[in-house]
Each structure stands twice: as structure tokens, then as C-alpha cells.
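Written out below as C-alpha cells is the structure these notes cover.
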Amino acid sequence: MSGNTFGTLFCVTSFGESHGPALGGVVDGCPPGLELSEADLQKDLDRRKPGSSRHVTQRRESDRVEILSGVYEGRSTGTPIGFLVRNEDQRSKDYAAIAAKFRPGHADYTYFQKYGLRDPRGGGRASARETLVRVAAGAIAKKWLALRHGVRVRGYLAQLGNIPIALRSWDAVESNPFFAPDPAVIPELEAYLDALRKSGDSCGARVNVVAENVPVGWGEPVYGRLDADLAAAMMSINAVKGVEIGAGFAAIGQKGSEHGDEMTPKGFVSNHSGGILGGISTGQEIRVSIALKPTSSIRIPRRSIDTNGQATSVATEGRHDPCVGIRATPIAEAMLACVLMDHALRHRAQCGDVTPPVEPLRGAG
């Protein structure tokens with residue numbers, strides 16, 4: 001299987017399956033000298049891990065990370081940073097009844113058709129458990145970006161099913177299991193998820209991520225566009241079916257006089273571009289929104305076929321997230337951070353000695 005590495009200078013490779021002994025990753029390209037410990041990675045892994053509330057899968061994993069290489073006496077050495085997270089709470093027997101069936105909406109069918117075999121336990125390599133590797137790598141990128149450039153990456157749940165969630169307070173995001181930025185909506189979200197879980201169904205979600213203090217100039221025109229790499233990175237997250245940069249699809253209904261972000265000597269007037277023009281960062285906030293589909297593993301029986309091509313029905317028992325978007329905020333943050341760090345290093349390599357001929361504008365947010 002190819003396609004397990006992303007990035008150009010800051011490269012992340014992941015390995016492992018949902019019910020295998022462990023998952024792990026290798027981060028290649030982190031500059032030397034970064035103060036780094038397992039605690040730096042563990043904070044975001046704890047935000048993503050299962051079993052954190054009744055609203056997500058009850059699989060119990062500590063997700064304790066172990067750094068194997070690339071760090072000496074508390075600092076990155078410039079060599080590959082290898083890390084490992086062991087699986088502790090697999091229940092492979094939960095998948096025995098569907099080992100020879102394809103779950104509608106899941107990767108079971110496509111993996112089987114492509115490789116001629118598949119690991120049915122927890123979805124194998126197609127499981128969202130793989131995203132813990134991205135989150136660990138993203139923690140490294142977040143720390144370097146913050147120390148080197150003052151960049152801050154954070155996200156929140158913007159919609160759960162048919163319930164939109166307004167950005168009322170960043171402080172509220174870390175105080176509830178939904179990463180919701182509006183404390184007033186939490187009871188409604190809890191009631192919605194409780195009813196959904198009892199019905200055996202699932203729902204989708206929208207997650208927004210923002211990067212502040214990104215310098216102007218990151219990204220490459222045409223084929224190395226910052227927004228193109230961001231879109232690809234976000235689409236690589238399990239269950240993501242849509243990506244918007246800035247105004248996104250709302251730009252369809254806007255006029256040019258409205259969408260184009262006017263500039264004054266005091267800064268940008270608006271940020272419909274999402275902080276990227278011509279594939280290059282403008283110095284404004286970079287804004288990305290992702291749409292995640294409903295979880296494919298549900299208890300409601302659905303029509304499908306088995307591995308012999310015969311008609312059957314599938315109802316998935318066991319432990320599953322009724323909405324994968326609830327734990328997606330740290331994952332989206334990680335992918336944004338990794339792409340930004342990759343482009344920061346690429347910009348430094350080619351244009352590190354360029355002095356902008358015009359004073360950078362203040363971002364409009």
C-alpha cells in the first residue's frame with residue numbers, strides 16, 4: 001500500500017491498523033533544536049482519544065505516546081522523529097458477524113476490490129484511529145510554528161447534524177466534549193446525540209479551523225498552492241466530504257464587489273479569501289471549514305452484498321462514534337498545522353532572504 005506519507009519538507013508517514021498491536025508515525029524534516037517531549041504530543045492526543053464522553057465511542061484507549069527517535073536531551077536532532085501509540089482495548093469479536101460483508105458508506109468494498117483482501121477488524125487501515133498519528137505530528141508542527149512565527153492554530157465544532165453552532169467564545173471550546181464555542185447550545189447537542197445514539201443512527205458535522213499570525217508569502221503559485229495543499233490534507237481525513245477556504249461555496253452568491261477583499265493602508269477590510277490569494281498567504285487569518293459525513297457503522301440494518309457478491313443486510317454492533325465530527329477538531333487543527341509548517345520550511349528554503357518591498361498589511365481576521 002502506497003500513499004502513507006504527506007508533505008514535501010515536513011513529511012509525515014503513518015502506519016498501523018485499528019486492531020493491530022500499535023499505530024505509529026515518522027516525522028521527517030523537523031528542524032533541530034526544538035524543545036520537544038512526549039508531553040507536547042500527549043496534550044492533543046488526549047483531546048482526540050476515544051472514551052472521553054458518552055457521546056463518542058466507548059473504546060478505552062490511553063493513547064499514551066512513546067517517542068522512539070529524533071529527540072536527544074529534550075531537543076529535536078533534525079533526524080526522523082519516530083513515535084508509537086499501542087492499542088489497548090481492541091474487541092475484534094465485534095466484527096466477526098460482518099467480516100464477509102460490506103458496510104454501506106464504508107471503505108470495506110473499495111479496499112477489498114483494490115487489494116483483494118481486507119482487515120475487517122475496526123475497519124483496519126481505513127479506521128479513523130489512524131488520525132492519532134496526524135494529531136501527534138500536528139502537535140510538533142504547532143509548537144514549532146508558535147515558537148518560530150507566533151502562529152496559533154485552533155478549531156471548533158461549527159455544526160452538529162442540523163444544529164448550527166455560533167462562535168461565541170473561544171474559551172468555551174475546551175470546556176465541553178463537543179469542542180463547541182457556545183456554552184448555551186451544549187444541552188441541545190447532548191439531547192440530540194442521546195436520541196441519535198438510542199436510535200442506532202448517526203449524523204454529520206462541520207468543523208472550522210483558523211490559523212492566526214500566519215506571515216504573508218507562504219505557499220507557491222500554480223501547483224504548490226497553499227490552499228490546494230490544505231484542501232488535499234483536509235480531504236485525506238476520514239469521513240471528510242467537503243472543504244471550504246474562506247467564503248467557500250458562499251462565494252457563488254457574492255458579487256465581485258463584495259467578495260474581493262479591499263485593501264487600505266490600515267489593512268484588509270474583509271477576509272473572504274480565507275487568508276490565501278493566488279495560492280499564497282496574505283497575512284490574514286487562514287480559515288478552513290470541513291464537512292464530515294455521518295458515521296458509516298450504524299445499528300440500523302441496511303442493504304449490501306457479501307464477499308461473494310450475494311445480497312445481504314448489515315447492522316453494525318460494537319462501539320462507534322455516532323458522529324465522527326465530535327472528535328475531528330484536533331485532527332483538522334493538526335492537518336492545518338502540518339501543511340503550514342511544510343510551507344514555512346519551503347518558503348524559507350527559496351525566499352528566506354527576500355525582504356518584502358511593501359510593508360505587510362494588517363489582517364482583517
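The values are calculated or read from the model by the stated rules, or taken from the named source; none is laboratory data. This is a predicted model, so every value here is computed, not measured. Because the Cβ atoms are built from the backbone with ideal geometry, glycine has one as well, and the counts that use them run over all protein chains shown.
Which is in a strand (DSSP E or B), under 14 Å from Met335 (Cβ atoms) and either modelled with pLDDT of 95 or more or of a type in the set (Phe, Trp, Tyr) (or both), of Arg134, Arg154? After ruling out the rest, the residue left standing is Arg154.
For the range 247-257, the condition holds for no residue, the condition being that it is of a type in the set (S, T, N, Q), in a helix (DSSP H, G or I) and under 18 Å from the mean Cα position of the chain (by Cα).
I'd like to verify a number: residues in the range 174-189 that are in a loop (DSSP other than H, G, I, E, B) and among the β-branched types (Val, Ile, Thr), how many?
Looking only at that region, the number is 0.
Looking at the range 264-365, the strands (runs of 3 or more DSSP E) lying wholly inside it that each contain 3 or more residues that are of a type in the set (Val, Ile, Thr) and either farther than 19 Å from Pro221 by Cα or in contact (Cβ under 8 Å) with a residue 12 or more places away in the chain (or both) sit at 286-292. When each of Ser289, Ser236 is tested for being touching an Asp or Glu at 6+ places or on another chain (Cβ under 8 Å) and within 25 Å of Val151 (Cβ to Cβ), the lone residue that passes is Ser289. Close Cβ contacts (under 7 Å, 6 or more residues apart or on different chains) running from residues in the range 123-137 that are in contact (Cβ under 8 Å) with a residue 12 or more places away in the chain and crowded, with 24+ Cβ neighbours inside 10 Å to residues that are of a type in the set (Val, Ile, Thr) and in a helix (DSSP H, G or I) comprise Thr131/Ile331; Arg134/Ile331; Val135/Ile331. Note on the range 14-39: residues that are in a strand (DSSP E or B) and buried (at least 19 other Cβ atoms within 10 Å of the Cβ) amount to 7. Of Ala311, Ala291, Ala211, Ala239, all but one fail to be under 19 Å from the mean Cα position of the chain (by Cα) and farther than 21 Å from Val12 by Cβ; the exception is Ala291. Within the range 278-295, the presence of at least one residue that is surrounded by fewer than 17 Cβ atoms within 10 Å (Cβ to Cβ) and either in contact with a strand residue (DSSP E or B) (Cβ under 8 Å, 6 or more places away or on another chain) or not hydroxyl-bearing (Ser, Thr, Tyr) (or both) is confirmed. Mind checking which residues of the range 191-218 are of a type in the set (A, V, I, L, M, F, W, C) and either under 16 Å from Ile331 (Cα atoms) or in contact with a Lys or Arg (Cβ under 6 Å, 6 or more places away or on another chain) (or both)? Once the filter is applied, which keeps residues that are of a type in the set (A, V, I, L, M, F, W, C) and either under 16 Å from Ile331 (Cα atoms) or in contact with a Lys or Arg (Cβ under 6 Å, 6 or more places away or on another chain) (or both), the range 191-218 yields Ala205, Val207, Val209, Val210, Ala211.
From the list Ile98, Ile81, Ile67, the one residue that fits, being over 21 Å from Glu174 (Cα atoms), crowded, with 21+ Cβ neighbours inside 10 Å, at pLDDT 90 or above and in contact with a strand residue (DSSP E or B) (Cβ under 8 Å, 6 or more places away or on another chain), is Ile81.
Please go through the range 300-333 and give me each residue that is within 30 Å of Val173 (Cα to Cα) and either touching an Asp or Glu at 6+ places or on another chain (Cβ under 7 Å) or of a type in the set (D, E, K, R) (or both), ordered by number.
Within the range 300-333, Gly318, Arg319, Asp321, Arg327, Pro330, Glu333 meet the criteria.
Screening Gly246, Gly161 for residues that are farther than 30 Å from Arg129 by Cβ and small (Gly, Ala, Ser) leaves exactly one candidate, Gly246.
The C-beta contact set for the range 144-171 (first residue among the acidic types (Asp, Glu), second residue modelled with pLDDT of 95 or more, distance under 9 angstrom, 6+ apart or interchain) comprises Asp171/Pro181.
Take the residues in the range 341-365 that are surrounded by 10 or more Cβ atoms within 10 Å (Cβ to Cβ) and of a type in the set (D, E, K, R); name whichever of them is modelled with the lowest pLDDT. Restricting to residues being surrounded by 10 or more Cβ atoms within 10 Å (Cβ to Cβ) and of a type in the set (D, E, K, R), the top hit is Arg362.
Of the candidates Ala195, Ala211, Ala180, the single residue that is more than 17 Å from Pro322 (Cβ to Cβ) and among the hydrophobic types (A, V, I, L, M, F, W, C) is Ala211. Tallying residues that are out of contact with any Ser or Thr (no Cβ under 9 Å at 6 or more places or on another chain), among the charged types (D, E, K, R) and buried (at least 19 other Cβ atoms within 10 Å of the Cβ) within the range 162-220 yields 1. Looking at the range 106-117, is at least one residue of a type in the set (A, V, I, L, M, F, W, C) and surrounded by 19 or more Cβ atoms within 10 Å (Cβ to Cβ)? No, because not a single residue in the range 106-117 is of a type in the set (A, V, I, L, M, F, W, C) and surrounded by 19 or more Cβ atoms within 10 Å (Cβ to Cβ). Is there a residue being buried (at least 24 other Cβ atoms within 10 Å of the Cβ), touching a strand residue (DSSP E or B) at 6+ places or on another chain (Cβ under 6 Å) and at pLDDT 95 or above anywhere in the range 311-325? Scanning the range 311-325 turns up no residue that is buried (at least 24 other Cβ atoms within 10 Å of the Cβ), touching a strand residue (DSSP E or B) at 6+ places or on another chain (Cβ under 6 Å) and at pLDDT 95 or above.
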